[in-house]
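To keep things clear, I will list the structure first and then write my remarks on it.
The values are calculated or read from the model by the stated rules, or taken from the named source; none is laboratory data. Keep in mind that this is a model prediction, so the values were computed, not measured. Note: ideal-geometry Cβ built from the backbone for every residue, glycine included; neighbour counts use all protein chains shown. SASA here: full protein model, heavy atoms, side chains in, ligands and nucleic acids out. Shrake-Rupley method; radii C 1.70, N 1.55, O 1.52, S 1.80 Å.
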Amino acid sequence: MDHSAIYDVDSSDPRQMLVDRSGMAEDEVRQITGIMKALGALREAEQRLSEASRRFMQLNETDMRALHYLIVCTHREMIATPGGIAQHLSISSASTTKLLDRLERGGHIVRSAHPTDRRALAITITAETHRAAMETVGRQQAKRFNAAARLTPAEREVVTRFLRDMTDEITLRDEAWANDGAHAAPSP
């Protein structure tokens with residue numbers, strides 16, 4: 001089977017139980033399937049890049065997100081704190097402490113006294129980690145800008161509207177099946 005067939009709505013939903021395609025021309029369905037295939041390819045490329053980034057930096061996903069946050073704080077000349085990191089990552093104080101311990105042991109961050117708040121710590125990324133992340137992972141991620149830059153202003157508006165609409169369509173709200181395992185998956 002062609003790997004991209006998983007994005008073909010006629011293959012994944014032949015009885016139209018999920019997507020009502022009545023009244024749509026075949027070429028419209030084919031075009032939408034093309035968009036779904038392109039989104040799938042993008043998601044797979046992002047996953048491969050993320051995995052390669054984590055292998056290169058020898059860190060997990062949360063560690064990488066924390067370092068990205070610290071890079072942005074550095075570029076904005078903002079003082080990063082454990083509380084800010086915890087809020088950004090949506091993790092507990094205890095998890096943040098473990099994360100910072102791990103990153104400090106790995107030589108990726110430095111903890112120091114906060115310059116204006118005696119109760120807080122300032123967290124900075126080391127120059128070596130900052131440089132390594134920017135020259136490798138950052139440079140690859142930045143190539144997304146090139147694709148957007150090749151679009152006309154009107155095309156960018158359409159793409160932005162589409163991506164926001166797609167995000168809204170798949171955002172979990174109060175779906176019972178998604179609530180922390182409240183309902184087990186049906187048995188096969």
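Return the sequence-ordered ³J(HN,Hα) values of the range 163-173 in whole Hz as given by the Karplus equation 6.51 cos²θ - 1.76 cosθ + 1.60 applied to θ = phi - 60°, using x for Gly and Pro.
Once θ is set to phi - 60°, the couplings for the range 163-173 become 5, 5, 5, 4, 4, 4, 5, 9, 5, 6, 10 Hz.
Give me the three principal axis extents of the chain from the C-alpha atoms, as integers in angstrom, largest value leading.
66, 45, 31
Just 85, 109, 35 to compare: in a GNM of the chain, with alpha carbon springs under 10 Å, which one fluctuates most?
Checking each option, the largest mean-square fluctuation is seen for 35.
In debye, nearest 20: dipole of the range 1-58 around its Cα centre with unit charges on the Cβ of K, R (+) and D, E (-)?
Result for the range 1-58 is approximately 400 debye, rounded to the nearest 20.
For the peptides 150-156, 118-124, what is the packing order when you average, over each peptide's residues, the other Cβ atoms within 10 Å and list the highest mean first?
118-124, 150-156
Sticking to Cα atoms, compute the Rg of the range 1-57 to one decimal and its Dmax as the biggest Cα-Cα distance, whole number, in Å.
15.0, 50
Which of 18, 89, 59 moves most in a GNM of the chain, Cα contacts under 10 Å?
18
What is the sum of charges around residue 164, taking Lys and Arg as +1, Asp and Glu as -1, for the other residues whose C-beta is under 13 Å from the C-beta of residue 164?
Numbers: positive: 156, 161; negative: 157, 165, 168, 169.
So the surrounding residues net to -2.
Quick one: compute the contact order of the chain, relative version, from alpha carbon pairs under 8 angstrom and 6+ residues apart, as a percent. Present the calculation step by step, with values, prior to reporting the outcome.
On the way: 102 pairs, mean separation 22.6, N = 188.
For the chain, the relative contact order is 12 percent.
Based on DSSP H runs of at least 4 residues, each adding -39500 (n - 2.57), what is the mean residue ellipticity at 222 nm of the chain after dividing by all its residues, to the nearest 500 deg cm²/dmol?
It lands at -18500 deg cm²/dmol.
Let me have the relative contact order for the range 89-150, percent, based on Cα pairs under 8 Å that are six or more residues apart.
RCO, the range 89-150: 20 percent.
How many percent of the accessible area of the range 37-81 is carbon or sulfur, using a 1.4 Å probe?
51
Taking amide H atoms as placed 1.01 Å from N in the peptide plane, list the residues 5 or more away in sequence, or in a different chain, whose amide H sits under 5 Å from that of residue 122.
When sequence neighbours closer than 5 places are left aside, the close amide H contacts are 112, 113, 114.
Using amide H atoms built 1.01 Å from N in the peptide plane, name the residues 5+ places from residue 151, or on other chains, whose amide H lies under 5 Å from its own.
Under 5 Å from the amide H of residue 151: no residue qualifies.
Given +1 on the Cβ of Lys and Arg, -1 on the Cβ of Asp and Glu, and no further charges, what dipole in debye does the chain carry about its Cα centre, rounded to the nearest 20? Could the numbers behind the result be given before it?
Working: 25 positive and 27 negative charges, 222 e Å.
Using only the charged Cβ atoms, the result is roughly 1060 debye.
I need the phi-derived Karplus couplings for the range 21-34: 6.51 cos²θ - 1.76 cosθ + 1.60, θ = phi - 60°, integer Hz, Gly and Pro marked x.
10, 4, x, 9, 6, 4, 5, 5, 4, 4, 5, 5, 4, x
Taking the range 43-114 on its own, what percent of its Cα-Cα pair distances exceed 16 Å?
It works out to 50 percent of all Cα pairs.
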